[in-house]
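The values are calculated or read from the model by the stated rules, or taken from the named source; none is laboratory data. These numbers were taken from a predicted model, which means no experiment stands behind them. So basically every Cβ, Gly included, is an ideal-geometry build from the backbone, and we count neighbours across all protein chains shown.
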């Protein structure tokens, strides 16, 4: 039964749904309450949402910290209350004079490691309260800048409106977690003195996972396809094969022989069953592999080959 399994789902989130809506729907499909996701998407955004259920929710922390890729449309010529199309236009500064060279210069200025101020209507907590809720309550919100890295910011097409007053720019962005694509649109618009906001946003990749392999919620309702937790861990981490005796030690929280590698490893039995995530640590001058997260139980190991 799915309710007794653990794994990851790649969901192609539809526009208009919150990430929480997708989690709620997945709980019903999987028959379990233990469901989480690896990185929020705004309601207007579509694309890849990585969902974990049961024990696989413990893998989500490592997926959240991976690189994200987005396709987006930035419109120059207006500023909105939310830095995207869901907000109201509050200022118009037409983009008639902006050239392709101006756009490339602005993109270059926003590529690499930068200081970014998230949108005031983001989900960031300020003194325990979401920024967007403070805005709704009429408060003035100031969010400190944070360091993010834009690995790639590619301009694909530049489409000028017939009247020349607005410009739509199709872009692809690869960035570190915590980057706000809305803020990139806003900051590009400010740099060009035109204002800017997102009219479309689609997440196409999260770490090693791509939206090409994702399913819609409708498809999952017909065929609940998921990646088993052992396969998921093998895709995220180097695999170390352990013996049954070593697996039993890890389940008990005991350390085993070192991996001789500083990376986190997925410790698996020869049959591919995930036992734990392990990492080398030093104790009293001796290096050993320590279990960071244990997934298997002694009952799970029953019948496994030594």
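Counting the residues of the stretch 249-306 that are closer than 16 Å to residue 236 by Cβ, touching a residue at least 60 places away in the same chain (Cβ under 8 Å) and part of a loop (DSSP other than H, G, I, E, B) gives 2. Can you say whether residue 219 is out of contact with any strand residue (DSSP E or B) (no Cβ under 8 Å at 6 or more places or on another chain) and free of Cβ contacts under 8 Å to residues at least 12 places away in the same chain, as far as the supplied structure shows? So residue 219 fits the description; yes.
Filter the stretch 33-65 for residues that are touching a residue at least 24 places away in the same chain (Cβ under 8 Å) and farther than 19 Å from residue 230 by Cα and give the result. The answer is 39, 40, 41, 42, 43, 44, 45, 46, 47, 48, 49, 65.
Is it true that residue 225 is more than 19 Å from the chain's Cα centre (by Cα), closer than 19 Å to residue 63 by Cβ, surrounded by fewer than 14 Cβ atoms within 10 Å (Cβ to Cβ) and in the same structural domain as residue 49 (by TED's automatic domain parsing)? Criteria met by residue 225. For the stretch 181-208, the tally of residues that are surrounded by 22 or more Cβ atoms within 10 Å (Cβ to Cβ) and under 13 Å from the mean Cα position of the chain (by Cα) stands at 3. Just so you know, in the stretch 138-160 the residues that are at negative phi and at pLDDT below 95 include one that is surrounded by the fewest Cβ atoms within 10 Å (Cβ to Cβ), and it is 140.
In the stretch 69-80, is there at least one residue being at pLDDT below 90, part of a loop (DSSP other than H, G, I, E, B) and on the phi > 0 side of the Ramachandran plot? Within the stretch 69-80 (the criterion being at pLDDT below 90, part of a loop (DSSP other than H, G, I, E, B) and on the phi > 0 side of the Ramachandran plot), the answer is no, since none of the residues qualifies.
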